[in-house]
Amino acid sequence: MCGIAGLLGYGTNRPNYDSLLRMIVVQKHRGPDGHGVFLDGPVGLGHARLSIIDPEGGHQPMHLPETGLAITFNGEIFNYIELREELLAKGHKFVTRSDTEVILHLYQEYGPTCVDQMNGQWAFAIWDSRRQSLFLSRDRAGIRPLYYTIQSGFFGFASEAKALLSLPFISRKIDSHALAETFVFWHPLPPRSIFEGISVLPPGHNLAVGLDRPKPEIRPYWQIRFEKKNGDPDDEHYFMELKSLIADATRLMLRADVPVGAYLSGGLDSSVTTALIRKEEHAALKTFSVTFADPRFDESEYQREVAAYLGTDHAAVNCSGGDIARVFPNVVWHAEQPIVRTAPAPLFLLSRLVRDSGLKVVLTGEGADEVLGGYDIFKETKIRRFCSRYPESNWRPLLLKRLYPYMENIQKQSISYLKAFFQISQQAILNPLFSHIPRWELGANNLLFLSEEVMAELEGWDPLAKMKSLLPEEFESWDWFSRAQYLEFTFLMPGYILSAQGDRMALAHGVESRFPFLDHRVIEFGARLPLRLRMNGLVEKYALKRAARGLIPESVIKRTKQPYRAPDAASFTGPSVIEPEYLADVLSEERLKAQRLFNPKAVVLLLQKARQGRVLGVRDNMAFVGVLSSQLLAEQFLGASRHITN
Amino acid sequence: MTKSDIIVSLQKFVIETFLFGQDKGLKPEESLLKKGIIDSTGVIELIDFIESAFHIIVDDEEIVPENLDSIDRAAAFVMRKRADL
């Protein structure tokens with residue numbers, strides 16, 4: 001995996017070597033194996049390389065003078081061997097074995113539609129010197145990041161926003177709307193990033209910009225669509241097809257010129273991908289997991305069981321609250337967005353373990369919950385719908401207690417409070433965003449921590465109206481499950497799971513993660529899977545569980561799903577917790593006033609509540625982590641004041 | 001302790017604990033649920049406060065919005081419970 005960057009100068013502006021080098025150096029963690037810069041008149045491309053395929057020949061930026069094309073590319077095209085064969089048959093000549101060169105030839109042959117043929121995870125930019133234009137593309141699911149901006153007479157892009165912010169002519173300011181959106185949705189809504197003036201290219205989109213068209217043209221080339229197919233095959237056919245698709249995705253994703261390892265959480269998804277790797281490869285396989293000192297979060301028993309069953313060489317990093325607090329500033333620096341949970345921190349420690357073990361590629365089970373219907377929010381929605389059809393029932397809401405056995409506060413609630421918290425009513429069910437409203441409203445209640453200055457900038461802002469404006473026309477015609485899946489897949493997954501928790505945590509230590517469940521063939525399969533096979537009764541990921549039979553231990557298939565969680569505020573403070581040195585400073589009234597993002601009085605009371613060891617609910621924990629990470633982010637990226645503009 | 005004393009005490013607790021010092025114009029009759037002030041943990045915290053501040057025990061079947069979903073309701077509930085002591 002790599003870090004990319006580039007600048008296109010308008011008018012007389014020309015990018016220079018130093019600017020590009022600066023953009024690359026700040027992303028060196030993504031590509032510690034080498035770097036390169038390409039300059040051609042108005043354009044400059046930069047690249048930090050993590051060499052995985054064709055270590056000798058795959059240097060970047062790659063320039064093919066006879067075509068007039070140059071590329072800087074982050075990611076992998078897993079079907080590059082097949083594409084290369086087809087291009088050879090069409091007369092293309094290759095000088096390397098790399099997938100990078102395949103993209104260039106594919107673009108030369110097909111233009112922007114070349115991405116339709118690509119199976120992989122990518123963010124790249126191609127400079128077409130003959131047309132004097134740049135073509136940028138990002139993979140379908142949003143695995144690899146891509147930021148861009150137009151400022152001071154330049155179009156700039158990079159894998160990470162910090163590369164753009166390293167340039168003196170890029171302004172630095174926290175975007176108030178993005179901050180508020182993060183508190184509600186856990187991430188800014190695309191195309192916003194947390195930095196004002198810097199946008200993300202949404203997943204499945206291409207961008208074209210040139211000297212004759214300075215305003216970027218952004219077009220989707222792929223979107224998930226939930227369409228019912230006629231002639232529903234029998235269930236067994238679906239299980240077979242799913243197994244075969246995941247096996248093929250895993251096979252393709254094992255393509256690398258370096259050893260490949262795997263994450264093993266102890267849950268269904270990573271157990272399946274690890275089992276498929278073992279079937280595909282007979283060499284020793286290294287697997288990695290996080291264990292927690294706190295048994296409420298720990299899954300080590302299942303991890304050991306699967307590792308023993310599949311015969312892997314397993315290693316784990318044990319994570320305590322103190323560990324989370326210690327690395328948290330680094331986590332925020334790499335995540336480069338506020339986070340409302342500490343869950344990325346253990347993954348930061350995990351990728352370090354992988355790197356220390358000598359590996360730089362891992363396969364993981366990420367994506368299965370979105371694509372095949374695994375999250376608790378799907379079950380919760382089903383139960384809420386069931387309850388809302390007969391709101392007077394005092395028996396139906398008991399199912400909500402069964403859903404969250406690990407949440408003590410839910411267990412203690414009376415039926416009438418349960419109905420209120422989960423919004424059980426015949427009216428609520430009519431809302432097309434029914435599945436996510438309680439979650440988003442919970443987050444929205446924390447907007448009270450924002451400063452008056454930020455709130456003033458939010459005047460007229462309506463988060464739900466903004467969310468609705470981003471939905472496709474057919475959204476309301478889909479069934480309730482597909483709607484909930486769409487929201488998870490399109491927003492939370494790229495906005496938080498794959499970025500703050502995925503790409504950034506892995507690449508903080510130069511580790512590339514690959515996701516068989518996010519092969520676009522698996523995604524498209526998931527979108528046409530009948531509802532009864534996504535969730536059967538209250539059995540989540542039913543099709544995957546059936547497809548997994550014989551691959552992994554039955555105990556893992558049958559176990560209750562444990563959401564991946566980590567201790568939040570309790571990692572930083574409490575009566576018996578040694579606070580990290582930075583906490584009191586970063587959340588001091590003085591520093592809060594300096595950043596002007598939060599209401600100091602409210603934050604001081606929140607900190608006091610956490611320090612006293614009073615019970616903090618989900619909302620308080622999210623506020624604590626959200627405020628702390630935002631403060632750290634602002635201080636790290638903006639300096640002493642959030643309005644610094646160079 | 002009068003009802004207005006109880007209201008003042010409850011109001012202070014709710015504003016400090018759930019609104020972190022910002023009263024947002026909270027009125028005693030307003031629903032804590034509808035205003036998004038109280039979550040599942042908040043209910044437990046509120047009961048804990050009521051029990052320790054007013055020396056009463058809240059029975060399981062009494063933990064319902066009818067008794068607790070506004071400062072007014074909670075104050076009236078406390079008054080009833082104290083009258084039963």
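The values are calculated or read from the model by the stated rules, or taken from the named source; none is laboratory data. As the structure is a computational prediction, the values presented were derived from the model and not from experiment. Virtual Cβ from ideal backbone geometry, glycine too; neighbours counted across all protein chains shown.
Look at residue B:58 and say whether it is facing chain A (nearest Cβ under 9 Å) and within 27 Å of residue A:424 (Cα to Cα).
On the way: facing chain A (nearest Cβ under 9 Å): no; within 27 Å of residue A:424 (Cα to Cα): yes.
When the stated conditions are applied, residue B:58 does not pass them.
Criterion applied to A:198, A:150 was being more than 27 Å from residue A:511 (Cβ to Cβ) and either modelled with pLDDT of 95 or more or among the aliphatic types (A, V, I, L, M) (or both), and the one residue passing it is A:150.
Counting only residues that are assigned to a helix (DSSP H, G or I) and in contact with a helix residue (DSSP H, G or I) (Cβ under 6 Å, 6 or more places away or on another chain), the range B:54-72 holds 5 of them.
If you go through the range A:206-241 and keep only what is at pLDDT 95 or above and among the polar types (S, T, N, Q), you end up with A:206, A:223.
Against the definition (touching a Pro at 6+ places or on another chain (Cβ under 8 Å), hydroxyl-bearing (Ser, Thr, Tyr) and more than 19 Å from residue A:548 (Cα to Cα)), how does residue A:342 come out, yes or no? Explain how you work it out, then say what you get.
On the way: touching a Pro at 6+ places or on another chain (Cβ under 8 Å): yes; hydroxyl-bearing (Ser, Thr, Tyr): yes; more than 19 Å from residue A:548 (Cα to Cα): yes.
Judged against the criteria, residue A:342 is a match.
From the residues in the range A:448-462 that are more than 10 Å from chain B (Cβ to nearest Cβ), assigned to a helix (DSSP H, G or I) and touching a helix residue (DSSP H, G or I) at 6+ places or on another chain (Cβ under 7 Å), which one is nearest to residue A:421 (Cα to Cα)? Step by step, filter the range A:448-462, then rank; the result is A:454.
Which condition from (1) more than 14 Å from chain B (Cβ to nearest Cβ); (2) at pLDDT 95 or above; (3) in contact with a Gly (Cβ under 7 Å, 6 or more places away or on another chain) is the one that residue A:561 breaks? Residue A:561 satisfies every listed condition except (2).
For the range A:405-435, which residues satisfy the criterion of being assigned to a loop (DSSP other than H, G, I, E, B) and either closer than 15 Å to residue B:43 by Cβ or among the charged types (D, E, K, R) (or both)?
Step one: filter the range A:405-435 for residues assigned to a loop (DSSP other than H, G, I, E, B), giving A:405-407, A:412-414, A:422-427, A:431-435.
Listed by number, the residues that qualify are A:407, A:412, A:413, A:414, A:422.
Out of the residues in the range B:13-46 that are assigned to a helix (DSSP H, G or I) and at the interface with chain A (Cβ under 9 Å from one of its Cβ atoms), which is surrounded by the fewest Cβ atoms within 10 Å (Cβ to Cβ)? Quick ask: steps written out before the conclusion?
So in the range B:13-46, the residues assigned to a helix (DSSP H, G or I) come out as B:13-17, B:40-46.
After this cut, where a residue has to be at the interface with chain A (Cβ under 9 Å from one of its Cβ atoms) as well, the list is B:16-17, B:40-45.
Working: B:16: 15, B:17: 19, B:40: 23, B:41: 22, B:42: 21, B:43: 25, B:44: 18, B:45: 22.
Once the filter is applied, the top-ranked residue is B:16.
Taking the criterion of being touching a residue at least 40 places away in the same chain (Cβ under 8 Å), surrounded by fewer than 19 Cβ atoms within 10 Å (Cβ to Cβ) and farther than 16 Å from residue A:524 by Cα, the only residue of the range A:220-253 that qualifies is A:235.
Hey, could you check the range A:609-620 for residues that are facing chain B (nearest Cβ under 9 Å) and assigned to a helix (DSSP H, G or I) and say which is nearest to residue A:579 (Cα to Cα)? Here the residue is A:609. Among all positions in the range A:416-429, there is no residue which is of a type outside the set (Val, Ile, Thr), without any contact (Cβ under 8 Å) to a residue 12 or more places away in the chain, surrounded by fewer than 17 Cβ atoms within 10 Å (Cβ to Cβ) and more than 14 Å from every other protein chain (Cβ to nearest Cβ).
From the list A:591, A:596, A:611, which residue is at pLDDT 95 or above and at positive phi? Even if it seems obvious, please write down each step before you answer.
Working: A:591 fails: at positive phi; A:611 fails: at positive phi.
When all the criteria are applied, what remains is A:596.
Restricting to the range A:394-414, name every residue that is among the hydroxyl-bearing types (Ser, Thr, Tyr) and under 18 Å from residue A:563 (Cα atoms). Selection gives A:404, A:406. If you check residue B:64 against the conditions, is it in contact with a Ser or Thr (Cβ under 8 Å, 6 or more places away or on another chain) and either of a type in the set (A, V, I, L, M) or away from chain A (no Cβ under 13 Å) (or both)? So residue B:64 fits the description; yes. Counting only residues that are over 13 Å from the mean Cα position of the chain (by Cα) and hydroxyl-bearing (Ser, Thr, Tyr), the range B:41-85 holds 1 of them. The single condition among (1) modelled with pLDDT under 95; (2) within 14 Å of chain B (Cβ to nearest Cβ); (3) touching a helix residue (DSSP H, G or I) at 6+ places or on another chain (Cβ under 6 Å) that residue A:602 does not satisfy is (1).
Restricting attention to the range A:372-415, and to residues there that are in contact with a Leu (Cβ under 8 Å, 6 or more places away or on another chain), over 21 Å from residue A:297 (Cβ atoms) and of a type in the set (Val, Ile, Thr), which single residue is nearest to the other protein chains (Cβ to nearest Cβ)? If we take residues in the range A:372-415 being in contact with a Leu (Cβ under 8 Å, 6 or more places away or on another chain), over 21 Å from residue A:297 (Cβ atoms) and of a type in the set (Val, Ile, Thr), then A:415 is nearest to the other protein chains (Cβ to nearest Cβ). Taking the listed residues A:360, A:382, the one that is surrounded by 24 or more Cβ atoms within 10 Å (Cβ to Cβ) and among the basic types (Lys, Arg) is A:360, with no other qualifying.
To keep it simple, each residue is scored yes or no on (1) over 23 Å from residue A:212 (Cβ atoms); (2) in contact with a strand residue (DSSP E or B) (Cβ under 7 Å, 6 or more places away or on another chain); (3) surrounded by 24 or more Cβ atoms within 10 Å (Cβ to Cβ).
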position: A:63; (1), (2), (3): no, yes, no
position: A:68; (1), (2), (3): no, yes, no
position: A:89; (1), (2), (3): yes, no, no
position: A:135; (1), (2), (3): no, yes, no
position: A:145; (1), (2), (3): yes, yes, yes
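Among the strands (runs of 3 or more DSSP E) confined to the range A:267-379, the ones with at least 3 residues that are touching a strand residue (DSSP E or B) at 6+ places or on another chain (Cβ under 9 Å), closer than 22 Å to residue A:121 by Cα and at pLDDT 95 or above are located at A:361-363. Counting only strands (runs of 3 or more DSSP E) wholly contained in the range A:114-215, the ones carrying 1 or more residues that are among the aromatic types (Phe, Trp, Tyr) occupy A:120-128, A:133-138, A:147-151, A:154-158.
Residues of the range A:223-259 that are in a loop (DSSP other than H, G, I, E, B), of a type outside the set (Asp, Glu) and farther than 18 Å from residue A:81 by Cα: A:223, A:224, A:225, A:226, A:228, A:229, A:230, A:231, A:233, A:259.
Within the range A:505-522, at least one residue is within 30 Å of residue A:603 (Cβ to Cβ) and within 22 Å of the chain's Cα centre (by Cα). Return yes when residue A:513 is modelled with pLDDT of 95 or more, touching a strand residue (DSSP E or B) at 6+ places or on another chain (Cβ under 6 Å) and not hydrophobic (A, V, I, L, M, F, W, C) and no when it is not. Against the criterion (modelled with pLDDT of 95 or more, touching a strand residue (DSSP E or B) at 6+ places or on another chain (Cβ under 6 Å) and not hydrophobic (A, V, I, L, M, F, W, C)), residue A:513 qualifies.
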